[in-house]
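Step one of this worksheet: look at the structure below.
Since every read-out is calculated from the coordinates, none of them should be taken as a lab result. Just so it is clear, the structure is predicted and the values come from calculations on it, not from any experiment. Ideal geometry is used to build each Cβ from the backbone, glycine not excepted, and the neighbour counts take in all protein chains shown.
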Amino acid sequence: MSGAAEDLRPPATRVRIPGAAIAALVLLVLGVLSLAPAVSTYLGQQREIADVQARIATQKADLQRLDEQRARWDDPAYVRAQAGSRLFYVTPGTTAYRVIHAKAGTSGVPTPATTAQPDRTPWTAALLQSLVAAGTTTEPAR
């Protein structure tokens, strides 16, 4: 009976991997490992090239902007306008007005010219009075 029971079990299936498949897998892994540093270097160089190209494009745009600005300075009308606005130059026959603190007139605060009173005390007398007041104070020194 024990012989008949063994015949009913399915035979153990064993997976056999051919040696050529194992050799091909090992070669594939070695190829990937040997090419990985080269691919990494290639990708790093491509990234650097893209960065340099972006920098070149930015510099070309700056150069074009500076060329346009230089061309504007070749125009005498532009030079006169800049001299007038930056250096307060005016052409003969024109009247120049310079507004100082444009918001001062609208704030309701009186201007210093209307509130300041001139001091008629001579400076020597004011100095002497300050020295006397400082020397005769009753407050203790700190």
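Residues Ile100, Ile49, arranged from fewest to most other Cβ atoms within 10 angstrom of their Cβ, appear as Ile100, Ile49.
Figure the gain on full extension for Asp62 and Ser40 (residue separation times 0.36 nm, minus the Cα-Cα span) and round it to one decimal in nm.
Working: separation 22, 0.36 × 22 = 7.92 nm, distance 3.33 nm.
Gain on extension, Asp62 to Ser40, equals 4.6 nm.
Placing R0 at 41 angstrom, the Cβ-Cβ distance between Val90 and Gln53 gives a FRET efficiency of 0.25 after rounding to 0.05.
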